[in-house]
Structure formats: C-alpha cells, structure tokens
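Contents: one structure, followed by commentary.
The values are calculated or read from the model by the stated rules, or taken from the named source; none is laboratory data. Note that the structure is predicted; figures quoted are calculated from it, not measured. Counting neighbours? That spans all protein chains shown, and the Cβs are built from the backbone with ideal geometry, glycine included.
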Amino acid sequence: MLIQRKGLTLIEVLIIIVMIGILLTIVIQKLGGKKNKELISALQTDVRNAQAAENKYFAVHNSYGTLVQLDNARLFNPVLGNTVTITVTPTGYVATATNSADPMACTLTVTIGTAGTAAGADPVCQ
C-alpha cells in the first residue's frame, strides 16, 4: 500500500530557505550599487551647478566667488545632505562636493585660459 505524503520534508524546507537567502543576497547587492550611483550623480550635479553659478557670478563681478558669495547672490544651493566647498585661486577655482554617508568626493578644477575664458573638465569622483 502506498503512503501519501502531505507537506514538505525538512531537507526540502532547508533547500528552499537557502535558495531564498541566495536570491536576497543578489537583490541587496544590486540595490546597494544603485544607491552608490545615485550618490555619485548627486555629487556630480552639485559640482556642475556650482560651475554654472560661478560662471554667472563671474559675468557680473569679473571674479569667481566663494560659496558664501554665491549663496548671498542666490546662485547656488547644494543638494540636501551634500557639502560643497569652493576654493578660489588666482587662476580659477576648485569645487568639491562630499556627502557624509559616503567617503567619495567629486572635484572640479577650473582655470582661466589665456583668453580669459574658463576651461574645466568633467568632475572627477574618487
């Protein structure tokens, strides 16, 4: 006579739990990388917005402004959670954006060329 089983054996339940754990690990790793990309994107946006604000400030004052001067002129506001520093040099400025949630920083260095126009590259994130 055949005995009919109802339910799962202990081994089958353990295999299912292990498979769910593996799938959760993969999903968590994918989401963690997405958050980091979003953070980098926000830092790059802040640096590019600082560059646009510096260009506007330079057009009016014929010099680059500090972060306080840009803020007073209502030209620049960083993304919430990001910290931006702007160091004005005799030949241009350096804008750096950081976030307390991650040790990464994005930096943009802009120098004035011989014709008086500013030349800068894309922000460098490290």
- [ ] May I ask you to list the residues in the range 96-113 that are in contact (Cβ under 8 Å) with a residue 24 or more places away in the chain and closer than 15 Å to Phe58 by Cα?
- [x] Val110
TODO: Hey, can you tell me all the residues within the range 88-100 that are over 20 Å from Asp122 (Cβ atoms) and modelled with pLDDT under 90?
DONE: Pro90, Ser100
Task: Residue under evaluation Thr85, criteria (1) assigned to a strand (DSSP E or B); (2) among the polar types (S, T, N, Q); (3) modelled with pLDDT under 80, criterion not met - done: (3)
TODO: Filter the range 52-102 down to the residues that are of a type in the set (Ser, Thr, Tyr) and either loosely packed, with under 12 Cβ neighbours inside 10 Å or more than 22 Å from the chain's Cα centre (by Cα) (or both), then identify the one that is nearest to Leu39 (Cα to Cα).
DONE: Ser100
Task: Options Val47, Val79: the member that is touching an Asp or Glu at 6+ places or on another chain (Cβ under 8 Å) and touching a residue at least 24 places away in the same chain (Cβ under 8 Å) - done: Val79
Open item on the list: Leu75 - would you say it is farther than 18 Å from Val124 by Cβ, part of a helix (DSSP H, G or I), among the aliphatic types (A, V, I, L, M) and touching a helix residue (DSSP H, G or I) at 6+ places or on another chain (Cβ under 6 Å)?
Closed with: no
